[in-house]
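**Student:** The structure that follows is given in the form of structure tokens.
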Amino acid sequence: MAVASRKPSTKAARAPAPVVEAVKADLAAATVSPAVIEAAKANVESTVRQATEQTFAGAREAQEQFRKAVEQSVAQSRAAYEKLRHVAEEATGSLESSYTAATKGVNSFNAKAIDALKAQSEATLEHVKSVMSAKSLGEAIALQSAHARKQFETFSAQAKDFAELAQKIATEAAEPLKASFSKGFKQ
């Protein structure tokens, strides 16, 4: 099958003749001197230069403000870090002092408990010896009653001493922490 060839229409591609003639006439009549073109060119260049300088000046100002804000933020962060570090060091020192005081107190409490146990054991051993050497049941009962009364008095005195010692230990161990907290709330 043969394909018919078509010629492109020149009418659609070209502008109507009267419009073309009018544009050519306007171009011919518009003869602009080179001085006017140079002045217009210089005016455009000046306007572009001013707009560019204003844009960069605004960008420089924004950059400077951003830099100042970042520097201020870094300075505040450093100050906050130093304060936190100082507080943490004080808290650590307080905890160490408290632990040292508590350790000493517990050691003295244990030593006192061992001494009390030793004294009670010796008293019980002496009581057993005296009961074994009793000559009558009445004497043994009297020795038992005296020993029980003495043990109760000794136990009461020891309990009072232990309570006072425990309170002293707690106070001494808590003192560094209390001082640290008081100082922290005053700041």
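The values are calculated or read from the model by the stated rules, or taken from the named source; none is laboratory data. Given the structure is predicted, the values throughout are model-derived calculations rather than measurements. All Cβ positions, glycine included, derive from the backbone under ideal geometry; neighbour counts span all protein chains shown.
**Student:** Looking at segment 93-130 only, could you name the residues that are in contact with a Leu (Cβ under 6 Å, 6 or more places away or on another chain) and either in contact (Cβ under 8 Å) with a residue 40 or more places away in the chain or within 17 Å of GLN167 (Cβ to Cβ) (or both)?
**Tutor:** SER94, SER98, PHE109
**Student:** If we scan segment 119-137, do we find a residue that is outside any helix (DSSP H, G or I) and charged (D, E, K, R)?
**Tutor:** Within segment 119-137 (the criterion being outside any helix (DSSP H, G or I) and charged (D, E, K, R)), the answer is yes, since at least one residue qualifies.
**Student:** Return yes or no: is GLU61 at pLDDT 90 or above, of a type in the set (Asp, Glu), out of contact with any strand residue (DSSP E or B) (no Cβ under 7 Å at 6 or more places or on another chain) and over 25 Å from ALA170 (Cβ atoms)?
**Tutor:** Answer is no for this residue.
**Student:** If we keep just the residues of segment 162-177 that are within 30 Å of GLU89 (Cβ to Cβ) and acidic (Asp, Glu), which is surrounded by the most Cβ atoms within 10 Å (Cβ to Cβ)?
**Tutor:** GLU172
**Student:** Could you give me the residue pairs with C-beta distances under 8 Å whose first residue belongs to segment 68-92 and is within 30 Å of PRO176 (Cβ to Cβ), whose second residue is assigned to a helix (DSSP H, G or I) wherever it lies, and which are 6+ apart or on separate chains?
**Tutor:** What qualifies is VAL87/GLY184; GLU90/SER180; GLU90/LYS183; GLU90/GLY184; ALA91/SER180.
**Student:** When you scan segment 141-161, do you find a residue that is in contact with a Lys or Arg (Cβ under 9 Å, 6 or more places away or on another chain), of a type in the set (S, T, N, Q) and over 30 Å from SER94 (Cα atoms), even just one?
**Tutor:** Yes, segment 141-161 contains a residue that is in contact with a Lys or Arg (Cβ under 9 Å, 6 or more places away or on another chain), of a type in the set (S, T, N, Q) and over 30 Å from SER94 (Cα atoms).
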